[in-house]
Every structure is written in structure tokens, then in C-alpha cells.
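K.L.:
Sharing a structure here in C-alpha cells format.
The values are calculated or read from the model by the stated rules, or taken from the named source; none is laboratory data. This one's a predicted model, so the numbers in the text were calculated from it and none came from an experiment. A quick note on method: Cβ atoms are made from the backbone with ideal geometry, for glycine too, and the neighbour counts reach across all protein chains shown. Only protein heavy atoms, including side chains, enter the accessible area calculation; ligands, DNA and RNA are left aside. Shrake-Rupley method; radii C 1.70, N 1.55, O 1.52, S 1.80 Å.
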Amino acid sequence: PRTKFCQLIINGDYVGVYVFMEKIKKDVGRVDISRPTPENLSGGYLLEFDGLNRVDSTDVYFFTEKRQQLYTIKFPKNKRITADQIDWIKNYLDDFEKTLFSDSFNDPNTGYYQYIDSPTWIDYILINEAFRNFDAFQSSTYIYKKKDGKLFAGPVWDFNIAMGNTNYDNSNFTEGWLMDERYLPSRLLKDSVFTNEYKKRWKTLRENQLVVPKIISIIDDYARLL
């Protein structure tokens with residue numbers, strides 16, 4: 001999502017510096033997916049991992065069969081989504097989850113690979129681990145599915161209690177691995193094929209987008225602006 005720093009004034013009262021940010025939604029240049037049709041129910045769908053305390057009567061959501069994980073359907077919108085579409089995406093998530101948590105979860109032919117776009121999941125897990133985002137894979141976690149495609153992880157969202165900005169659950173410490181304890185990543189990281197690609201991707205990022213001088217330069221740029 002595109003972001004911009006702004007000074008917020010409400011009814012003449014200055015309340016501070018805020019981050020003005022796009023929401024996660026279906027659109028060109030954002031989550032670019034098409035609407036499912038009666039002839040092709042395979043996509044697109046935009047979903048969010050959530051908790052029951054974060055949904056209301058206007059939301060369309062379902063629980064997965066095996067792990068009872070709640071998913072809110074963000075697209076298609078609740079006024080336009082059909083029962084067939086809800087059933088289709090729920091069944092897809094159920095099949096993915098049952099496969100992922102089965103004994104043969106990493107079988108090259110019948111394993112979880114057939115359900116997810118692994119490179120996007122690797123990036124998503126890495127960035128949330130690197131910044132130790134407490135919300136990741138608990139709430140504010142988005143995934144989407146294109147028509148005739150697999151499940152993509154992202155876009156990233158909601159880092160307000162990342163980077164140690166908490167005082168509970170040891171998530172403000174840098175030791176240990178947060179994603180090892182989370183729904184879905186905890187299982188994906190048990191697959192040697194996935195973890196080998198994960199390690200290679202981390203090495204690539206640390207030589208490019210996440211090299212230390214670049215990170216320091218970004219921080220300095222923000223400091224000068226603010």
C-alpha cells in the first residue's frame with residue numbers, strides 16, 4: 001500500500017504526525033484480481049485472517065474445518081458475493097489446510113505446493129519475521145487468489161505492534177523465531193524445500209533491499225523529513 005506522512009489537524013486541534021495509508025482492496029495497481037463468475041468460481045478472492053472479536057454482522061466470514069481459523073472475505077463484497085462463491089473458496093482453504101497439516105504435506109505431487117504461490121509466502125514470512133510483527137498470521141494478514149491461480153500471501157499490512165512496540169509475549173525481543181509459532185508458517189517451515197528457498201531469498205534480500213547501509217539511509221531520510 002502507498003503511504004504518506006501527514007500532519008493531522010481535527011477541528012483546529014493539531015494531533016500529531018500520522019501515516020496516511022491506502023487500505024487493502026481490490027483495484028488496478030492494488031490487489032489486481034477479477035470477479036469470480038458462475039462459469040469460473042476459482043477467483044478472484046481477497047481474504048483476511050482475523051479473530052472473532054474483530055468481525056461484525058456486516059462481514060462475510062467462515063471457519064476452516066481442520067484448524068477452525070477464521071477468514072473474512074474482503075472481495076467480492078458482502079452485498080455481491082454468492083453462496084456458491086463462499087462455498088468454493090472455503091472448500092479451497094479447507095483442502096489446503098488439510099493437506100498442509102497431513103503426514104504427506106510436502107509430497108511433490110500431492111502436497112501443499114499445488115495450493116500456494118510459495119515465493120510470495122516466503123517474502124511475506126521473511127518481512128514479518130525480520131520486523132517481528134506480532135499481528136502476523138493472527139490478524140491483519142491478507143491473502144488473495146487469482147482466477148485459475150494459487151493463493152498469494154500479502155500485501156503486507158498493520159505493523160503498529162512490530163519492531164518491539166509491545167510489552168507482552170516476548171515479541172519485543174530479537175531472540176528466537178516468531179513465525180515458528182504461528183499458524184501456517186510453523187508448518188511451512190518444516191519443509192526442507194521451502195526452508196532452502198527461504199534461506200536463499202533472505203541472502204538475496206540482505207545483499208540488496210535489506211542491506212544495512214540502505215536501511216540506515218531510509219531511516220535517515222525519514223528522520224530529515226519528520
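K.L.:
For K147, what charge total do you get from the other residues with a beta carbon under 12 Å from its beta carbon, if Lys and Arg give +1 and Asp and Glu give -1?
P.N.:
Within the 12 Å Cβ shell, the charges total +1.
K.L.:
Find the accessible area per residue for the chain; the probe is 1.4 Å, ligands and nucleic acids are left out, and the unit is Å².
P.N.:
Values: 13420 Å² over 226 residues.
Here the residues of the chain average 59 Å² of exposed surface.
K.L.:
So what are the three principal axis dimensions of the stretch 1-89 from its Cα atoms, in whole Å, longest to shortest?
P.N.:
Cα spread of the stretch 1-89 along its principal axes, largest to smallest: 51, 31, 22 Å.
K.L.:
Counting only protein heavy atoms, what percent of the accessible surface of the stretch 1-71 is carbon or sulfur at a 1.4 Å probe?
P.N.:
Ligands and nucleic acids excluded, carbon and sulfur give 50 percent.
K.L.:
If I model a spin label as a point 7 Å beyond the Cα along the Cα-Cβ vector, how far apart are those points for D148 and Y168 in nm?
P.N.:
4.7
K.L.:
Full extension from R30 to F101: what is 0.36 nm times the residue separation minus their Cα-Cα distance, to one decimal in nm?
P.N.:
Contour length minus Cα-Cα distance gives 22.4 nm.
K.L.:
With respect to the cross-link table entries K26/K66; K147/K214; K98/K214, which display a Cα-Cα separation exceeding 30 Å? Kindly include the intermediate steps, with their values, before the conclusion.
P.N.:
Values: K26/K66 28 Å; K147/K214 37 Å; K98/K214 41 Å.
Flagged as over cut-off: K147/K214; K98/K214.
K.L.:
Does the stretch 113-226 come out rounded, prolate or oblate by the C-alpha gyration tensor, with a ≥ b ≥ c the root eigenvalues, rounded set by a/c under 1.5 and, if not, prolate when a/b is larger than b/c and oblate if not?
P.N.:
Judged from the Cα gyration tensor, the stretch 113-226 comes out prolate (a/c at least 1.5, a/b above b/c).
K.L.:
Report in % the part of the accessible area of the stretch 107-183 that belongs to carbon and sulfur, leaving out ligands and nucleic acids; probe 1.4 Å.
P.N.:
So the carbon and sulfur contribution to the accessible surface is 52 percent.
K.L.:
Something else now. Pick from V60, V156, V17: which is most flexible by mean-square fluctuation in a GNM of the chain where alpha carbon atoms under 10 Å apart are linked?
P.N.:
V17
K.L.:
Moving to a separate point now. Which three extents, in angstrom, do the Cα atoms of the stretch 47-154 have along their principal axes, listed largest first?
P.N.:
Dimensions of the stretch 47-154 along the principal axes of its Cα atoms: 39, 34, 24 Å.
K.L.:
Not counting the cut sites, what is the longest span of the chain without GluC sites (Glu not before Pro) that DSSP labels loop and that have at most 12 other Cβ atoms within 10 Å?
P.N.:
It works out to 40-174.
K.L.:
Please compute the modelled spin-label separation between N53 and K66, points set 7 Å along Cα→Cβ, answer in nm with one decimal.
P.N.:
Placing both labels 7 Å beyond Cα along the Cβ direction yields 2.8 nm.
K.L.:
At 0.36 nm per residue, minus the direct Cα-Cα distance, what do R80 and I9 gain on full extension? Give it in nm, one decimal, please.
P.N.:
This chain segment gains 21.9 nm when fully extended.
K.L.:
Can you check how the C-alpha radius of gyration of the chain compares to 2.2 N^0.38 Å, as a plain ratio? Provide the component values of the computation, followed by the final result.
P.N.:
Values: Rg = 19.0 Å, N = 226, 2.2 N^0.38 = 17.3 Å.
Working it through for the chain, the quotient is 1.10.
K.L.:
Hey, another quick one. Roughly how big is the stretch 104-190's charge dipole about its Cα centre, with Cβ charges of +1 (Lys, Arg) and -1 (Asp, Glu), in debye to the nearest 20?
P.N.:
In debye, rounded to 20, the stretch 104-190 gives about 340.
K.L.:
May I ask you to compute the full-extension gain from I219 to Y18, defined as 0.36 nm times their residue separation minus their alpha-carbon distance, rounded to one decimal in nm?
P.N.:
Contour length minus Cα-Cα distance gives 70.7 nm.
K.L.:
When the dipole is taken about the Cα centre of the chain, and only Lys, Arg (+1) and Asp, Glu (-1) are charged at their Cβ, what size is it in debye, to the nearest 20?
P.N.:
So the magnitude is around 580 debye.
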